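One structure below.
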Amino acid sequence: MNDYVLLTDSSADLTDELVQTLGIEVLPLSFHIQNKTYWNWPDNREMDPGDFYRMLREGEMATTSAVNVADYTEKMTPYLQAGKDVLVMAFSSGLSATCHSARIAAQELMEQFPERKVYVVDTLCASLGQGLLVWYAARLKNEGKSIEEVRDWTEENKLRLCHWFTVDDLHFLKRGGRISPATAVLGTMLSIKPVMHVDDEGHLIKVGTARGRNASLKALVDHMEETAIDPAEQTVFISHGDCEADANKVAEDVKRRFGVKSVVINHVGPVIGAHSGPGTVALFFMGSRR
């Protein structure tokens, strides 16, 4: 029986068009800027990403909040009451408490609805890395795979979902404690750009540096060359912090170097963008390892 709902959260940074096409449900995370709280919906109904990044460039600070247990319970209960099961694909537990909330809600709801199934996958992914894993899962669901088959596939393959990204402004990583103030100052002076990825525990880690913007964008694609499996046949996802031209440059590079035919590009949403800042570019694909 294929009567189940695929639920993720807005950290997946999927476009509203993809959300509708895939037939998935999305719980929004919230962000706070200029003394007001907004919900990060896929259709950007409460704030356009361009306006959000303009505020950051003007010096505004943004904070974010995870999805809580009550949010998950409220979202899932009507589906369970209607006789549907739920598969949750949550934002990395290494970066947010969202997955923990999902698991608590799932346990409580399974006690309330013992005849129903509620599974939670800790994607250990972020931004369109999470989005790409959800994209694969939704395709399997729409092909008729059972909730257990989709859950098992995502668990078996999530650590092959590669995340590579770079940022243009080190200030935001410094503020989040990802790099030291001294590194941020020196890096800015020398135009040093960090090259980072999400590791097997779902944490954001720095793995290298590049001198200048173009070199950092090329480094993302170089890492893809090292681990990508059959890249010409993949759909590649790229997210960006209000720098679409740079995202397009990376897209053209992966098409030229690997024969990739399908690339999906979208903004890094405000929830992650609050910590990575304007000028972030991230590349996501399936590889032999992260």
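The values are calculated or read from the model by the stated rules, or taken from the named source; none is laboratory data. Computed from a predicted model, the values in this text were never measured in an experiment. No Cβ is skipped: glycine too gets one built from the backbone with ideal geometry, and neighbour counts run over all protein chains shown.
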Legend entry - Options SER92, SER96: the member that is touching a Cys at 6+ places or on another chain (Cβ under 9 Å) and under 26 Å from CYS243 (Cα atoms): SER92
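One line per residue, one yes/no per condition, for (1) in a helix (DSSP H, G or I); (2) outside the structural domain of VAL221 (by TED's automatic domain parsing); (3) more than 18 Å from ARG213 (Cα to Cα); (4) basic (Lys, Arg):
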position: ASP246; (1), (2), (3), (4): yes, no, no, no
position: ASP253; (1), (2), (3), (4): yes, no, no, no
position: VAL264; (1), (2), (3), (4): no, no, yes, no
position: VAL271; (1), (2), (3), (4): yes, no, yes, no
position: ALA282; (1), (2), (3), (4): no, no, no, no
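Being modelled with pLDDT of 95 or more, of a type outside the set (Asp, Glu) and in contact with a strand residue (DSSP E or B) (Cβ under 9 Å, 6 or more places away or on another chain) narrows it down to one of MET89, MET61, so name that one.
MET89
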Inset, instruction - Would you please list the contacts, defined by Cβ atoms under 7 Å and residues six or more apart or on different chains, that run from a residue in the stretch 261-290 that is among the hydroxyl-bearing types (Ser, Thr, Tyr) to a residue that is surrounded by fewer than 23 Cβ atoms within 10 Å (Cβ to Cβ)? - result: SER262/THR235; SER288/ARG160; SER288/THR227; SER288/ILE229
Inset, instruction - Considering only residues that are modelled with pLDDT of 95 or more and not small (Gly, Ala, Ser), look in the stretch 262-277 and name the one that is farthest from ARG45 (Cα to Cα). - result: VAL263
Inset, instruction - Determine whether the stretch 152-159 contains at least one residue that is of a type in the set (D, E, K, R) and in contact (Cβ under 8 Å) with a residue 60 or more places away in the chain. - result: no
Inset, instruction - Given the conditions (1) under 21 Å from the mean Cα position of the chain (by Cα); (2) surrounded by 18 or more Cβ atoms within 10 Å (Cβ to Cβ); (3) under 22 Å from VAL150 (Cβ atoms); (4) not hydrophobic (A, V, I, L, M, F, W, C), report the number of the one that THR15 does not fulfil. - result: (2)
Legend entry - Residue satisfying condition, being of a type in the set (Ser, Thr, Tyr), over 15 Å from the mean Cα position of the chain (by Cα) and either more than 18 Å from VAL5 (Cα to Cα) or not assigned by TED's automatic domain parsing to the domain that holds TRP164 (or both), within set THR73, THR98: THR73
Inset, instruction - From (1) at pLDDT below 95; (2) within 25 Å of ASN68 (Cα to Cα); (3) surrounded by 15 or more Cβ atoms within 10 Å (Cβ to Cβ), pick out the condition that doesn't hold for GLY176. - result: (3)
Inset, instruction - List the strands (runs of 3 or more DSSP E) that sit entirely inside the stretch 1-45 and contain at least 1 residues that are among the hydroxyl-bearing types (Ser, Thr, Tyr). - result: 4-9, 30-33, 36-39
Legend entry - Filtered residues of the stretch 24-70 (kept if within 16 Å of the chain's Cα centre (by Cα) and of a type outside the set (A, V, I, L, M, F, W, C)): GLU25, PRO28, SER30, ASN40, PRO42, ASP43, ASN44, PRO49, THR64, SER65
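How many residues are over 14 Å from LEU124 (Cα atoms) and crowded, with 20+ Cβ neighbours inside 10 Å if we restrict to the stretch 81-101?
So the answer is 4.
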Legend entry - Unmet criterion (only one of (1) of a type outside the set (Lys, Arg); (2) part of a helix (DSSP H, G or I); (3) at pLDDT below 95) for VAL207: (2)
Legend entry - Answer residue from the stretch 104-122, given it is surrounded by fewer than 18 Cβ atoms within 10 Å (Cβ to Cβ) and in a helix (DSSP H, G or I) and is nearest to the chain's Cα centre (by Cα) among those: ILE104
